[in-house]
Amino acid sequence: MPTLAVIGSQWGDEGKGKITDYLAEDADLVVRYQGGANAGHTIKVGEEVFALHLLPSGIIRENVISVVGNGLVIDCDELEVELEALRKTGRSGKGLRLSDRANVVMPYHRILDGAEEKARGSKTVGTTGRGIGPCYSDKIARAGIRIGDLLDEELLRDRIATIAPVKERFAESLGAELGLDQEALVAKLLSFGKKWEQYITDTSVLVNDAIKAGKKVMFEGAQGTMLDIDYGTYPYVTSSNCTSAGICTGVGVPPSAVGEVIGVTKAYTTRVGAGPFVSELTDEVGKHLQTKGGEFGTTTGRARRCGWLDLVVVRHAVRLNGMACIALTKLDVLNDLDTIKVCVAYDVDGKRVENFPSNVRHLERAKPIYEELDGWKSWEGSTAELCKRGYEALPQGMRSYIQYIERSTGVPAGIISVGKGRDETIDRRHKKW
Ligand code: IMP
C-alpha cells in the first residue's frame with residue numbers, strides 16, 4: 001500500500017512540517033484531512049523558510065498534487081494570502097485541490113471564537129482565535145457553508161439567509177455583534193468560488209483513484225494526538241480528530257487505505273494554550289528548551305510551554321494511531337544538558353497510572369514519575385555531515401536516549417531529526433514508502 005500518514009504524537013508543533021516535507025520528496029499526493037489555519041507548519045528549504053497554515057506541505061513542490069480534504073475548515077482570506085505568498089516565491093500552486101465538501105470558516109466564526117473564549121472567564125481554552133471551534137460546531141449542527149456552495153449562487157444565498165439570523169441571535173447572547181451584511185458576504189464568497197473553480201473538486205474520488213493507480217499518497221496531520229477532540233486533554237483540545245482515524249472521514253477513504261503511520265515526536269514536550277501538562281517545566285530548564293528550541297508559535301507567535309518528554313503521552317499516541325514507528329525530532333535541542341528526565345508514569349492521588357487519564361481533574365492533580373538519563377555533548381562540525389555518517393555517528397548518550405524511548409513505546413525511531421534542514425535527518429527505515 002503506497003500510503004503514509006504523518007501524525008503528531010503530542011500537542012502539535014512536533015516538527016511535522018519538516019518530516020512531511022522530507023517524505024514528500026517521493027510523494028505524488030500530499031493530503032490534509034483535518035484542522036484549518038490554526039495549524040502552523042514550518043519548512044526550511046535551503047535558505048527559504050515557508051510558514052504554512054492551510055496549504056499542505058506538498059505545495060512547495062510543483063510536481064505534487066496537494067489536497068485539502070473535506071475534513072478541513074477553510075478560511076478563504078487566509079487561503080488567498082497563503083497562495084499569494086507562495087506565488088511570490090515563484091511557485092504556481094497549480095497542484096492544489098480543494099474538497100467541495102470542506103467547510104468554510106466564516107467571518108462570524110472568528111468573532112464567535114473570541115466571544116466564547118471571553119464567556120469562559122478563567123477557564124479559557126486558549127484557542128488560536130481562528131474560528132475553528134465555532135466552524136466545526138456549525139458543521140455538526142448542519143449550519144455550515146461548504147466550499148462547493150461557493151460555486152452555486154442560489155444555494156449559497158439560501159444557506160446564508162437561513163443561518164445568519166441564528167448566528168446573530170447567538171452572538172447577541174454572548175454580548176457580541178456580528179454586523180452581518182448578507183449581500184456583501186455572498187458576493188465575497190462567490191468571488192473566491194470563481195477564483196478557485198479550477199481547484200474545487202470531489203477530492204475523495206481523486207485520492208481513491210490515485211491509490212488504486214498505485215500513486216504515492218501522504219496523509220498530513222495537523223495539531224497532534226493530545227489535541228484530538230475525543231482522545232486529547234478534553235476540553236483543552238481542538239475541534240477535529242487529529243488521530244489517524246480522522247483520515248477516513250476527513251478525506252473519504254476506507255480504513256484499508258491508510259498504510260504506514262509515522263508518529264512525529266519531539267524529543268521533549270511543548271504545548272500552547274491552556275490545559276494540563278504533567279511534565280511541564282516552569283524553571284530554568286524549561287526556559288532553556290524554549291529558547292534553544294525556538295518554541296514560539298508559527299500561527300500566533302505565542303511562547304510554547306515546555307517540559308520533559310512524556311512517555312505516557314507518546315504511548316497513548318502510538319496505540320491510538322497504530323504508529324509503525326516514530327520520527328524523533330529536535331534531539332539537538334537537548335545537547336549539552338548534564339542529565340535528561342523522561343516521564344514514565346503519573347502519580348494520581350498516590351496511585352501509579354500508566355495510561356493517559358480521560359478526567360481533566362485527575363490530570364491536573366497528576367505528578368510526573370521520572371527516570372533520569374545521562375545527557376551528551378554536541379558534536380563538532382556540520383550536522384549535515386554527521387547525518388551522512390549515519391546513526392552510529394550520533395553521540396552515545398543520544399543513542400541511549402533513543403533506545404530508551406523505543407523500549408518504552410514499543411516502536412522504532414525510524415527517522416531521527418537533529419536540525420531544521422532536509423539534510424539534518426537520519427532515515428533508519430528500510431524503504432521510504
Ligand atoms: P483552536 O484549534 O484554535 O480551537 O485551539 C484549541 C487548542 O488547540 C488551543 O490550545 C490551541 O493553542 C491548540 N492548537 C490549535 N492548533 C494548534 C497547532 O497547530 N499547534 C499547537 N497547538 C494548536
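Computed from the coordinates by the stated procedures, all read-outs in this text should not be read as laboratory data. Note that the structure is a prediction, hence the values are computed from the model and not measured. No Cβ is skipped: glycine too gets one built from the backbone with ideal geometry, and neighbour counts run over all protein chains shown.
What angle do you read, to the nearest 10 degrees and between 0 and 90, between the alpha-carbon axis of helix 107-119 and the longest principal axis of the chain?
It is inclined by approximately 60 degrees.
Rounded, prolate or oblate: which fits segment 109-254, taking a ≥ b ≥ c as square roots of the Cα gyration tensor eigenvalues, rounded meaning a/c under 1.5, else prolate when a/b beats b/c?
Oblate shape, in that a/c is at least 1.5 and b/c is the bigger or equal ratio.
Using Cα springs under 10 Å in a Gaussian network model of the chain, which residue among K167, K266, K330 shows the largest mean-square fluctuation?
K167
Can you sort V73, V186, V360 by how many other beta carbons sit within 10 Å, fewest first?
V360, V186, V73
If you take every DSSP beta bridge fully contained in the chain, what fraction is antiparallel? Give it as a percent rounded to 5.
Counting DSSP beta bridges with both partners in the chain, the antiparallel share is about 40 percent.
Taking the number of other C-beta atoms within 10 Å as the exposure measure, put S408, S279, S99, S191 in order starting with the fewest.
S191, S408, S279, S99
What does the C-alpha gyration tensor say about the overall shape of segment 7-100? Classify as rounded when a/c is under 1.5, otherwise prolate if a/b is larger than b/c, or oblate.
Here segment 7-100 falls in the rounded category.
Could you tell me how far the Cα centroid of segment 373-421 sits from the Cα centroid of segment 218-276, in Å?
25
Just tell me which aspartates and glutamates come within less than 14 Å, Cα to Cα, of K94; anything on the same chain fewer than 8 places away is out.
Result set, ordered by chain and number: D28, E62, E80, E82, E84, E197.
Classify segment 215-348 as rounded, prolate or oblate from the Cα gyration tensor: take a ≥ b ≥ c as the square roots of its eigenvalues, call it rounded if a/c is under 1.5, otherwise prolate when a/b beats b/c and oblate if not.
prolate
For a quick check: sort I415, I140 by the number of other beta carbons within 10 angstrom, fewest at the front.
Lowest to highest Cβ neighbour count: I140, I415.
Given the options G294, G322, G133, which has the most mean-square fluctuation in a GNM of the chain, springs set between C-alpha atoms less than 10 angstrom apart?
Of the options given, G294 has the highest mean-square fluctuation.
If one takes the longest principal axis of the Cα atoms in the chain, at what angle in degrees, from 0 to 90 and to the nearest 10, does the Cα axis of helix 182-196 lie?
That helix lies at roughly 60 degrees to the long axis.
Just list whichever of K123/K266; K195/K432; K123/K420; K367/K420; K212/K431; K266/K432 have alpha carbons separated by over 30 Å in the model shown.
K195/K432; K123/K420; K367/K420
Mind jotting down the distance between the C-alpha centroids of segment 27-77 and segment 285-325, whole Å?
21
Treating only the Cβ of Lys, Arg, Asp and Glu as charged (+1, +1, -1, -1), what charge dipole size does the chain show about its Cα centre? Round to the nearest 20 debye.
Computed charge dipole of the chain: roughly 600 debye.
Of N335, N103, N241, which has the largest mean-square fluctuation in a 10 Å C-alpha GNM of the chain?
N335
Run the quick spin-label model on D202 and R142: label points 7 Å from Cα toward the beta carbon, then report their separation in nm to one decimal.
In this crude label model, D202 to R142 measures out at 2.2 nm.
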